[in-house]
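Read-outs: derived from the displayed coordinates by stated rules, not from any lab. All of these numbers come straight from a predicted model, not from anything done at the bench. Cβ atoms come from the backbone with ideal geometry, glycine included; neighbour counts cover every protein chain shown.
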């Protein structure tokens, strides 16, 4: 029988196993008469007993059992339902004996009890405001698996921890992990048969639905357990160590979760609570069509978490809800390659940063070309995926700069570098929260594959040799990140009002064309200038900033706006993604085709220290 205190404490739980002082409580949802739990020896794997649920202790379809005589640290377990073995999908840990890429099914997922302790010390959530954040999205295995990563624990949570100083030096405030909970790299036979939707024999299955690796992990998984093959020995301990290390550097940890659209909201809420309480995770990004529910971001236990949603949120006044939509990406890519009729959309996306509903800006993520490939390929090259290049997006708004793929041509490589710098300027100078995918800061390529979901090799493993090869790009991104952090006006906590609401003589943000205060947003226009007024920084640490975007392939003359009389002095050139602009005979500065130029006016009359600035 179930002890009275156990029934009162755990009767509401749907499924799982819970050690107590006198034994282990098991609960399992099943309407079948013959169901129970099998106990295995953790060291030998041999079954120690098969125990049936007593229907006298069943509440509805919730079967309950209390077993004594077993030490939690010495056993593993599976549930069974008639002749089928069923794993506990709500277990926090499974037997860590699987290498990455092993073919498994549910009967292999024997749950174990984590009896270890972890010293969190003085660990605390960094609590970086959304508007001050810079997010770095990565795949746990791909980030450090390549030999060039030079870390000791390649392809693991600890490998990320070893790169903590690198991430901090880049100015990153949060890492976003592609699925890092336990999942099957390969589909089970049952999953493949369900996908076919018609009956087949096991012999026919491999021909009609061959095994294919799911490297990304966007599928239902075992949501309460860190992925064992992303660790060396102990996934629970090593995930916690990664979080603690990143937190010590002021870097948050955001986890991606894939849910089917029909998943129960209470289940999702419990999952998020589990990772927040047990692993000190700082935020969650819901991938797929499952909606973001107000139950999550209004939960008192989750009130400090960031929630990233790909679906519109209409009822949010919660400051840590962030939209992840492709508007900025699509528009920025088209403008970068010189498409027409893009200026008006860019003006909207550039300043879009609604209060109470943040906006993430990105130009490349895991779903599509890397940033380097956006300027290196016109067409996708997914032949290695084994689908005759039919998978992935057909249109990528990319431009190869005159040659498809890698080349030794100096002019083309110089143009690609300039285009990459232009892209980072678009990203870092826009309002909202910038996000980049791993390796984009030093020109990582996926060889033109825009859908490498099944590639566990050099296509998806980050080649750190490119950091040395493309150090000028990395240094540029690092400087941009520091400049954005230093100037608060580049990351307001809400939309700029585009007006002079503090009577300083300038609006907080304003748009210009080649002529001051005259925007050309006609179909053929490919030029735009943006001015930020440093007076709107409450701490008065920001400069006035003028950014000239020339996405045309021809040079254009930009006339810089005049400043109020109180702002003595002239605009000072900071940097350009091309050669330093020269004055035009008729006034203004000649901004080279396909380039960005930035000028500043120091409100506190500070001069630029060229010895400390890469620019």
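Once C-alpha pairs closer than 8 Å and six or more residues apart are averaged by separation and normalised to the residue number of the range 328-475, the relative contact order reads 30 percent.
Sorting 358-368, 190-200, 491-501 by average packing, meaning the other beta carbons within 10 Å per residue, from highest down gives 358-368, 491-501, 190-200. Angle, helix 265-279 long axis vs. longest principal axis of the chain, Cα atoms, 0 to 90°, nearest 10? Taking the Cα atoms of the chain, the angle to 265-279 is about 80 degrees. The listed peptides 140-152, 105-117, 579-591, ordered by packing as a protection proxy, come out as 140-152, 105-117, 579-591 (highest mean of other Cβ atoms within 10 Å first). The distance separating the Cα centre of the range 277-316 from that of the range 87-160 comes to 20 Å.
Computed from the Cβ-Cβ distance with R0 of 25 Å, the FRET efficiency linking residue 41 to residue 188 stands at 0.50. The alpha carbons of the range 495-601 occupy a box of 38, 30, 23 Å along the principal axes, longest dimension given first. Sorted on the mean count of surrounding Cβ atoms within 10 Å across their residues, most packed first, peptides 28-39, 428-439, 219-230 read 428-439, 219-230, 28-39. In the range 118-257, the DSSP beta bridges split such that about 20 percent are antiparallel, to the nearest 5.
Using only DSSP helix segments of four residues or longer, with each worth -39500 (n - 2.57), what per-residue ellipticity at 222 nm results for the chain after dividing by its residue count and rounding to 500?
-6500 deg cm²/dmol
With both bridge residues required to lie in the range 130-489, what share of the DSSP beta bridges run antiparallel, to the nearest 5%?
Of those bridges, close to 5 percent are antiparallel.
Note that the chain shows a convex hull volume over its alpha carbon atoms of 179 Å³ per residue. With respect to the chain, whose longest principal axis is taken over its alpha-carbon atoms, helix 410-429 is tilted by about 80°. Of all DSSP-defined beta bridges confined to the chain, some 70% are antiparallel rather than parallel. Contact order, relative form, for the range 4-112: 25 percent (alpha carbon pairs under 8 Å, 6 or more residues apart, mean separation divided by residue count). In the range 130-489, the convex hull through the Cα atoms has an average projected area of 18.9 nm², a quarter of its surface area.
Among 139, 381, a tally of other beta-carbon atoms within 10 Å of each Cβ gives an order, fewest to most, of 381, 139. Taking Cα atoms only, the orientation of helix 235-248 departs from the longest principal axis of the chain by about 30 degrees. Note on residue 520 and residue 267: the extension gain reaches 86.0 nm, defined as 0.36 nm multiplied by sequence separation minus the Cα-Cα distance. Here the contact order of the range 130-489, divided by its residue count and restricted to Cα pairs under 8 Å and six or more residues apart, works out to 19 percent.
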